[in-house]
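The values are calculated or read from the model by the stated rules, or taken from the named source; none is laboratory data. Owing to the predicted nature of the structure, the values given are computational and were not obtained by experimental measurement. FYI the Cβ positions are ideal-geometry reconstructions off the backbone, even for glycines, and counts take in every protein chain you see. Surface areas here come from the heavy atoms of the whole protein model, side chains and all, with no ligands, DNA or RNA. Shrake-Rupley method; radii C 1.70, N 1.55, O 1.52, S 1.80 Å.
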Amino acid sequence: MKVAAYIRVSTDEQANEGFSIEAQKRNIIEWTIKHNYEIYDFYIDDGYSGKNLNRPKIKKLLLDIKDNKFDIVLVYCLDRLTRDIVDLWTLIDNFKHYKIEFLSVTDQTTTSTAGDRLNLNIKGIFAQYERERIGERVAVAMEQRAKEGWYTGRVPLGYNYDSNTKMYSINEDEAKIVKRIFQMHIDGYGSNKICKKLNLEGLRNKRGNEFAENSINYMLTHAWYYSGYFLYHPKNKEPIYLKANNIEPIFTIEEFKKIKKYTNERKKFPKKIGNNNYIFKNKLYCSSCHKRLTTLSTFNKKRNNYILYYKCHRTVQGRCNNKGINQTLMENFFINYLNKYFNNIYEVKIKINLKQIDEIDKEIIKLKENIEKINNRKKKLHYMILDDFISKADYKEILINLENDLKEINIKIKERENKKSELVNLNKLTEFKIITKSIIDIWCSLLPLEKKEFINKFIKYIEVDKENGIKQIEFYQ
Ligand SMILES: [Zn+2]
């Protein structure tokens, strides 16, 4: 079996997008060796985005497909091929037509069965969605770079960044603020106080805004780069601390560990849980009394974390029997419900619909032009009878014909307008379903705030109880 390996990396996104050509190549070669395939050729689009198919090597690959030069198209990751779901389908259909198999190293996808195609579609939607909103968090090259000691996060307060050398060097003025923040913390100030004090003095953060309590808190607990280390999260593994060779430390590691220890001691009593962690807040309603559920939390000492739950107000008063639902259970209810609700909705018609809408618009314009023409004729007709050019009988007949034409055109316009709004609504619905489905697929990797954002945007009302789960969901549409 001969493999055509397609590799793509976009210009300015190399660090973010994270897939260097070398990393993709290496992974592809490893994979082909493991599966005993032979590489026919590499098709490398260096510096092209996946938004469209305007790339020289993908074009060449599509030409070579016709000449039977290989049996398999292999990519490192699906989004290397394309980030557009409609392009994806075009490509897959093309491969299928020439009996070429399509494989992706990381997605473990083949296109041979209907189930696989479905799977592929989800991944494609995911990739597209990611491009638009979430952005890639973990990538091979990032891992590679991290292991080599390259910190790649955003530039923290206290540093200047040189994009050529990729070095984070100390910005003395900002470093003074960093040192003060840590000193105040050691002196017993909480993040809230530190924040207020800095803002009162007119000091500003890296982006020139006022300091926020959260970011101060983050600095005091997570900002390992100040000691020249960084925390790296490999996929599905425990995070590890790595020494950064591109960050000048502001504190020595010993100094920093002391600060950390101090932080940990103060952390014995955990802070109250923030509202953003209640992802279903204001959306849940009791299935018995239809009252909105309130949010509660208890601290679990064993697990050292909070358990969040939602409870009917009247249960506390003994007037309702529905028990509280903890958030994890609620999330399970939610995902199961949506999975059932959105079964088999993968048809992607948006682009086709948009074309149709465009055509309908053109038709409507033409029809309206015709109306104008007829109105002009009516005017002329009017003058003709005034000047006695035509008989009254003729005038009447022509006028009736013109009026009939007008009626007909107006009916046609109405029809087209109806069809158009139908298509527009269909688009909205399809779009909504695609987004929702792709969200469900990545649910467990989302942050609470992202989950909450999604729920706030799309969910109006959920009726639920602990025994029977979700009774009803209303969507915003
Ligand atoms: Zn109730």
Listed residues Trp31, Trp89 arranged by accessible area, highest first, probe 1.4 Å: Trp89, Trp31
Geometric extent, Cα atoms of the stretch 148-266 - Rg, Dmax (angstrom): 14.3, 43
Radius 14 Å from Cβ of Ile365, net charge of other residues (Lys, Arg +1; Asp, Glu -1): 0
Förster radius 35 Å - calculated FRET efficiency between Ala212 and Glu331, Cβ distance, rounded to 0.05: 0.80
Percent carbon-and-sulfur accessible area, the stretch 148-266, ignoring ligands, DNA and RNA, probe 1.4 Å: 50
Inter-part distance where the stretch 34-55 and the stretch 385-455 are each reduced to a Cα centre, Å: 42
Segment Lys166-Asn456, length gained on full extension (0.36 nm per residue, minus Cα span): 100.5 nm
Mean separation of Cα contacts under 8 Å (6+ apart) over length of the stretch 148-266, as relative contact order %: 26
Calculated FRET value between Lys380 and Leu354, using beta carbons and R₀ = 56 Å, to 0.05: 0.90
Estimated FRET transfer efficiency (Asp71, Phe475; beta-carbon r; R0 35 Å; 0.05): 0.20
Average Cα contact separation per residue, the stretch 357-477, under 8 Å, 6 or more apart, as relative contact order %: 20
Accessible area (Å², per residue) of the stretch 148-266, counting only protein heavy atoms and a probe of 1.4 Å: 60
Full-stretch length increase - Asn404, Glu422 - with 0.36 nm per residue and alpha-carbon distance subtracted: 3.8 nm
Distance (nanometres) between label positions extended 7 Å along Cα→Cβ at Lys392 and Ser288: 8.3
Length released on extending from Thr11 to Arg154, taking residue separation times 0.36 nm less the Cα-Cα span: 49.6 nm
For Met1, solvent-accessible area (1.4 Å; no DNA, RNA or ligand), Å²: 120
